[in-house]
Amino acid sequence: MRYVALFILSMVFWLLITFKFSAANIAAGAVASAITAAIFGRYYFYNVYKFLQPRRWVWFIVYLTTFIWACIKANFDVAYRVLHPAMPIRPGIVKVKTTLQSEFARTLLANSITMTPGTITVDIIGDEMYIHWIYIRSEDPAQYTRMVIGRFEEYIKKFAE
Amino acid sequence: MTSFLNILLYLQIALCAACLFRIIRGPTIPDRMVGIDIFGILVVGICGIISVQTDKAFILDIGIAWVILSFIGTLTLAKYLSGKKLNE
Amino acid sequence: MNDMAAIILISVGVLFNIFGCIGLIRLPDMYNRLQAATKCVTLGCCSILLGVLVHFGIGSAGFRALVAIPILFFTATVAAHALVRGAYHFGTKMDKRSVKDDYREAVK
């Protein structure tokens with residue numbers, strides 16, 4: 001089943017890139033997608049049926065809007081720190097506990113943290129994520145966990161797990 | 001309009017020169033690698049601006065291929081930094 | 001009208017790129033440089049590609065620009081993560097102003 005999912009995904013990708021609907025083009029895309037799915041199919045998508053639940057797609061759109069807003073905020077944050085003459089930075093690496101279990105959800109959370117204001121993921125060991133923060137705003141673990149992860153964790157938990 | 005796009009294009013190329021400054025000057029090896037990574041992303045912006053300027057779409061294909069190639073290059077450099085074998 | 005919107009989006013993108021490159025030159029150590037540069041340059045190039053999408057409209061070229069945006073996001077973030085982890089294992093020193101380092105005990 002997950003070979004079929006990867007096949008459909010790469011076929012859609014091919015059609016979007018080439019955007020020609022002649023028979024020869026579709027046949028070439030099908031061959032290339034089949035080879036891709038046969039080689040890489042066992043690495044992705046442990047449970048394909050999650051794609052078919054509409055509730056998850058709604059939460060995905062909510063997550064996407066939050067993510068884009070955080071991205072734009074991150075840019076103005078960086079611009080403020082860079083253009084300020086005294087450069088208000090207070091960097092350090094903090095440890096944050098996550099409750100997500102699946103690999104895909106953790107990758108997504110790490111990517112979201114990298115694009116949000118002032119943080120970048122260094123490593124994940126077990127349940128703990130190590131995060132480089134450009135301006136540490138508090139010393140209390142519970143408080144900075146909430147500041148770093150924000151609302152991303154609950155949204156990702158709702159659509160990816 | 002075309003002249004304004006020209007100015008934007010020259011600005012983007014000047015930013016590439018800033019990356020080159022970091023690559024040449026960087027005090028440590030990871031600094032140079034950051035410069036290489038950012039250089040690879042900036043070239044995609046140059047491809048987009050040129051494709052608007054000349055109204056040709058195939059330059060965007062070059063951009064997509066450039067993203068993936070620069071990603072693989074950066075991953076290889078990072079593996080070298082952490083001292084692992086490439087197939088790990 | 002379309003051309004105007006495309007020009008504005010591309011200008012905003014180049015402006016973000018300029019902020020990123022100033023950060024790349026000005027900030028003191030490798031981690032901060034990577035942070036500023038990755039965020040600003042990625043969003044700037046995404047903005048430029050959105051401008052390309054507006055210019056060409058919905059069609060062959062527009063969808064190519066649209067496909068390039070998620071590829072750019074995923075590759076840039078994963079490459080930044082790999083670089084910062086490799087640099088820490090390589091032994092790059094953090095800046096003097098750093099206040100905290102939880103990762104040191106975990107690596108040992």
**Study point:** segment C:84-108, residues that are in contact with a Pro (Cβ under 7 Å, 6 or more places away or on another chain) and at the interface with chain B (Cβ under 9 Å from one of its Cβ atoms)
**Key:** C:Ala87, C:Phe90, C:Thr92
Point to revise | Cross-chain or 6+ apart pairs with Cβ under 6 Å, segment B:9-22 first and surrounded by fewer than 20 Cβ atoms within 10 Å (Cβ to Cβ), then at pLDDT 90 or above and among the aliphatic types (A, V, I, L, M) | key: B:Leu9/B:Ile49; B:Leu11/C:Val14; B:Cys16/B:Leu42
**Study point:** Candidate set: segment B:1-48, residues that are in a loop (DSSP other than H, G, I, E, B) and more than 7 Å from every other protein chain (Cβ to nearest Cβ); chosen: the one modelled with the highest pLDDT
**Key:** B:Pro27
Check your understanding: Just wondering, is there one or more residues in segment C:10-22 that are in contact with a helix residue (DSSP H, G or I) (Cβ under 7 Å, 6 or more places away or on another chain), under 19 Å from A:Ala79 (Cβ atoms), surrounded by fewer than 20 Cβ atoms within 10 Å (Cβ to Cβ) and more than 7 Å from every other protein chain (Cβ to nearest Cβ)?
Key -> yes
Check your understanding: Among the residues of segment C:58-66, is any facing another protein chain (nearest Cβ under 7 Å) and either under 21 Å from the mean Cα position of the chain (by Cα) or of a type in the set (Asp, Glu) (or both)?
Key -> yes
Point to revise | Out of A:Thr119, A:Thr99, sole residue that is closer than 30 Å to A:Arg42 by Cβ and either free of Cβ contacts under 8 Å to residues at least 40 places away in the same chain or more than 7 Å from chain C (Cβ to nearest Cβ) (or both) | key: A:Thr99
Practice item. Return the only residue of A:Phe104, A:Phe67, A:Phe51 being exposed (fewer than 13 other Cβ atoms within 10 Å of the Cβ) and touching a helix residue (DSSP H, G or I) at 6+ places or on another chain (Cβ under 9 Å). Key: A:Phe51
**Study point:** Which listed residue is of a type in the set (Val, Ile, Thr), within 20 Å of the chain's Cα centre (by Cα), at the interface with another protein chain (Cβ under 7 Å from one of its Cβ atoms) and farther than 23 Å from A:Ala110 by Cβ, from C:Ile48, C:Ile71
**Key:** C:Ile48
Check your understanding: Can you tell me which residues in segment B:44-67 are within 11 Å of the chain's Cα centre (by Cα) and either surrounded by fewer than 19 Cβ atoms within 10 Å (Cβ to Cβ) or in contact (Cβ under 8 Å) with a residue 40 or more places away in the chain (or both)?
Key -> B:Trp66
Check your understanding: Does B:Lys79 count as more than 25 Å from A:Phe19 (Cα to Cα) and either modelled with pLDDT of 85 or more or within 19 Å of the chain's Cα centre (by Cα) (or both)?
Key -> yes
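The values are calculated or read from the model by the stated rules, or taken from the named source; none is laboratory data. Predicted model, so just to flag it, every value in this text is computed and none were measured. Neighbour counts are summed over all protein chains in view; Cβ atoms, including those assigned to glycine, are modelled from backbone coordinates with ideal geometry.
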